[in-house]
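Every number here is computed from the coordinates shown, using simple stated rules; none is lab data. This is a predicted model, so every value here is computed, not measured. Note that we place each Cβ from the backbone using ideal geometry, even for glycine, and neighbour counts take in every protein chain shown.
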Amino acid sequence: MENLRCLLFCVVISLSSCDAYKILAVFPMPSPSHGILGDNMVKHLLNAGHEVTYVTPYVQKQKNHTHLHLVDVNDIEIFFKAAGDMLDFKQILAGTVDLHDIKFMFQLLSTIADMTLGNPNVQRMMRDPQEKFDVIILEYMFHDLFSTFSAVFQCPYIWFSTIEPHWTIMNLVSGPMNPAYTTDYLQAQIPPFTFMGRVRELWTQIKGLYYHKFDFHDVEEAIYQKQVVPILKEQGKPVPDYNVLKYNASLLLGNSQVAMGNAVPLPPSYKHIGGYHIDEEVKPLPDSLNRDIIYAIEGVFHTAYSIPDGYPEAESKEEDNFLIKICLTDR
């Protein structure tokens, strides 16, 4: 009898250790490099046996899977109309467009967030009373708006940071990082800093905290009230304070690797997962490219930048030539 009890106990324990979750993964950034991160995140979740609903602008690239449900947010064409000349590659390289401007970046990325939350497919998903999730994984893109999904589905959420730890994302789960030895994500300085470098980092962080607390908060609050609050009221759910929502993450996953990044103190809620997007079986380089690298007397200059789907091929080649010209100037 005692042996039977032990056997039943072992069976119950083994069953409880094989639970699968219903997970909502939100990776709506219309950029191929961000699509790679989202696709591989979903791939690992599916391989682990979870059921995943994936919000992505790259639905056509997904393989059929029994446990994968896709939410199409392919508003890239509308996005470029809204962005205007802000993403013109030649203007970025020439310095006409300043990507170090935190206000510019917020305007750009909050527009994408507003479009994502207002997308008809996303609105339909949020209004569907049958949609329920155990946890949500959200791509963090320098705004906090996607935290509002947790109010609709009333479940915990996890932030995913696409880059090394920085003060903006760490402020949501712990507190701002020390500017004496950590750089702002737009400044990209390499420690150790000079005295003036530390002053610049401190001033950048003070400005950023001010903008996030006042200017940016008002914009995000307005989007929350427009896109999410009406759904909560329709469904009779509580309407949480936006400040409470955005600081309520359960975990933070970072596309970083402690062996390759800066040694900085991080809270226990931060988990390094850098390299997860690399295929386990790495394909060899094409013979022609491999040969060019081997016989390159002056070395190889490698650059990677995303060309969105639907971008005119002629303009893409023109920008390639423009980039090469810049790189070869004053050699």
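Observations
- When the C-alpha to C-alpha distance is required to be over 27 Å, the pairs from K103/K226; K233/K271; K43/K103; K103/K271 that qualify are K233/K271; K43/K103; K103/K271.
- For H69, the amide hydrogen comes within under 5 Å of the amide hydrogens of V52, T53, Y54, counting only partners 5 or more places away or on other chains and with H modelled in the peptide plane.
- Residue order, fewest to most surrounding Cβ atoms within 10 angstrom, among L8, L70, L202: L8, L202, L70
- Relative packing of peptides 237-245, 116-124 - highest average C-beta neighbours within 10 Å first: 116-124, 237-245
- Segment 133-143 - phi-based ³J(HN,Hα) in whole Hz, Karplus 6.51/-1.76/1.60, Gly and Pro as x: 9, 8, 7, 10, 10, 10, 6, 8, 10, 6, 8
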